Amino acid sequence: MFMSISTTGSAADPATDLGFLLHKHPDKVQRFTTSHGEAHVFYPEAGDEVCTAALLLDIDPIALVRKGRGDGRGRGGSPDFALSQYVNDRPYAASSLLAVALRTVFRSAMKGDCPARPELPGRARPLRIELPAVPANGAGDGGGPALVVRLFEPLGWQVEATAIPLDESFPEWGESRYVRIALSSGTVRLADALQQLYVLLPVLDGAKHYWVAPDEVDKLLAAGQGWLAAHPERALITRRYLARRWSLTRAAMERLELARLAEADDREVEEIDNAVDDRPEDEDEAGGAARDEVSDEAGERSEPRQPSLAERRRAAILAALRESGAARVADLGCGQGELIGELLKDARFTGILGVDVSARALRAASRKLGLERLSERQAARVTLAQGALTYTDARLKGFDAAVLCEVIEHLDLPRLPALEYAVFGAARPRTVVVTTPNAEYNVRWETLPAGAVRHADHRFEWSRAEFRAWAGKVAAAYGYTVELRPVGPDDEEVGAPTQLALFTATTATTATTAPTTTTAPETTPAPAPATTTTPEGGEPR
């Protein structure tokens, strides 16, 4: 099993710098022991203009059998019957055995460590990687040279993939499942190239020589950091790398989607995957828990429990949806699914979509709603989907109504116009219900410090006048009428704690055009946020 890595250079930038990057001296032949044989690193050529490092992996077929009898489905490298345990392609074709050897031999290079020349790992240099024989199995995904191109070309490689004939003397026999690969690039860093090979070699083979355990998800995401989340074939890569173990694939895809959304928003994953709140559901935004009842000194019940603000908010939203006659409703920023649970209780809502950027929130919603225990008919009414509301999404089209319940205040103000377009312009439901805190009411919260917002993740909180101005601007821009309603006890001086806007479409087309990028379109600046806070988690909805 053989692989070579070549680079070019000059007297001022010698190609032999490859030795520093790989931590292997060009003048030495080095040997490393692996669990299935010995790996040898040597340099067929090493000069200022051209330098080539070669990795030769000498597989011991007996050791391969003793380490684990293979079944070709992620537990071993070959079918588990007598002859093929010893006569197989593992010693000759690049597979997961070579991927593991890469990590063993070039561990520091894969990390991008180079203490002797710290400036080298951060910049790309011309690379050419050659693999004489790589199995490119289809198994329903398409195989051969086309699969190699699909996997490597999006990463910045020029790909030469040639199918190897079964026998050159008998061309009529056709092509084998093996491909000769040469990859060339001037933009890929060596550390990234090694990480990509570590992931994609077993993907091409479609099998691993060891059992795929849950920790393989962490290995995949670590090696795929910076490139896998945006790869157009990430679903195929994830599925094949994890040996089609669907539970692991699902977990990995959720984490990759979060990474992609975080990178697109230039935020940390932890910052956007924060919608699961540890506080009781009936706790209000200012931190004061609603009491179930008021008791006298003897501990006897004297008054019935008053509904919490979260419950009043959901009741107001349900009333608005019923008035609109909506049957198909999208809960955008659904959190842990409290509103969806209420919608399920009413048969008039025949289709319900819950969307949230947080995979943790969606898992919590699925558990809380008991989707796995619902009847087939009830479960068919509900769909949970991961997505960011600042991007247009074809899944949001065709709904009668959309709900943004305590969502807009969690967005940075420059990104709010992008949400406006995605919901009111692109998805364009007939009805949109928006609720948000009334900043004026904050003085009535005894536990809330003066000038603070109700929740750490709120980027702003609007007064009634500010919310009215925003709602009017959005309605005029996208062809809606808007009605404002108070939610909760309505104070004569400061209004109600929550303000609700009910938008109803009046025209069939939008009044604005789509943004050409994922950033928010230029509009009149929104009101400044009340304060700057560090996001920590979502709030009861």
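The values are calculated or read from the model by the stated rules, or taken from the named source; none is laboratory data. All values reported here derive from a predicted model rather than from experimental measurement. Glycine gets a Cβ as well: all are built from the backbone with ideal geometry, and neighbour counts include every protein chain shown. Side chains are part of the model used for accessible areas, which takes the heavy atoms of the whole protein and leaves out ligands, DNA and RNA. Shrake-Rupley method; radii C 1.70, N 1.55, O 1.52, S 1.80 Å.
The figures follow:
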| quantity | calculated |
| --- | --- |
| Radius ratio Rg over Rh of segment 402-448, counting only Cα atoms, Kirkwood formula for Rh | 1.09 |
| Computed lengthening from Arg103 to Ala385, 0.36 nm per intervening residue step minus Cα-Cα distance | 98.0 nm |
| Label point distance in nm, Thr504-Glu492, each placed 7 Å from Cα along Cα→Cβ | 3.2 |
| Globularity index of segment 78-224, i.e. its alpha-carbon radius of gyration over 2.2 N^0.38 Å | 1.13 |
| Modelled label reach - Glu38, point 7 Å along Cα→Cβ, segment 1-24 residues with backbone N closer than 15 Å | 1 |
| Accessible area (Å², 1.4 Å probe, nearest 10) - Tyr210 | 50 |
| Pairwise FRET efficiency - Lys111 versus Ala12, Cβ, R0 = 22 Å, nearest 0.05 | 0.20 |
| Cα-only Debye scattering, segment 362-409: base-10 log of I(q)/I(0) at q = 0.15, 0.30 Å⁻¹ | -0.55, -1.20 |
| Equivalent ellipsoid semi-axes - Cα gyration tensor, segment 345-425, angstrom | 25, 15, 10 |
| Candidates per GluC sites (Glu not before Pro) in segment 300-403, loop by DSSP, up to 15 other Cβ within 10 Å | Glu300 |
| With all protein chains modelled, accessible area of His23 [1.4 Å, Å²] | 70 |
| Reduced Cα scattering model of segment 320-378, Debye log10 I(q)/I(0), q = 0.12, 0.16, 0.26 Å⁻¹ | -0.27, -0.49, -1.13 |
| Square roots of 5 times each gyration tensor eigenvalue, C-alpha, segment 452-498, largest first, Å | 22, 16, 8 |
| FRET E, pair Tyr92, Gln30, Förster distance 25 Å, beta-carbon r, rounded to 0.05 | 0.70 |
| Principal axis dimensions, segment 104-162 - Cα atoms, whole angstrom, descending | 45, 24, 19 |
| Solvent-accessible surface (1.4 angstrom probe) belonging to Phe106, in square angstrom, nearest 10 | 0 |
| C-alpha center-to-center spacing [segment 157-195, segment 394-454] in angstrom | 51 |
| Debye log10 I(q)/I(0) at q = 0.11 Å⁻¹ for segment 380-491, Cα point scatterers | -0.40 |
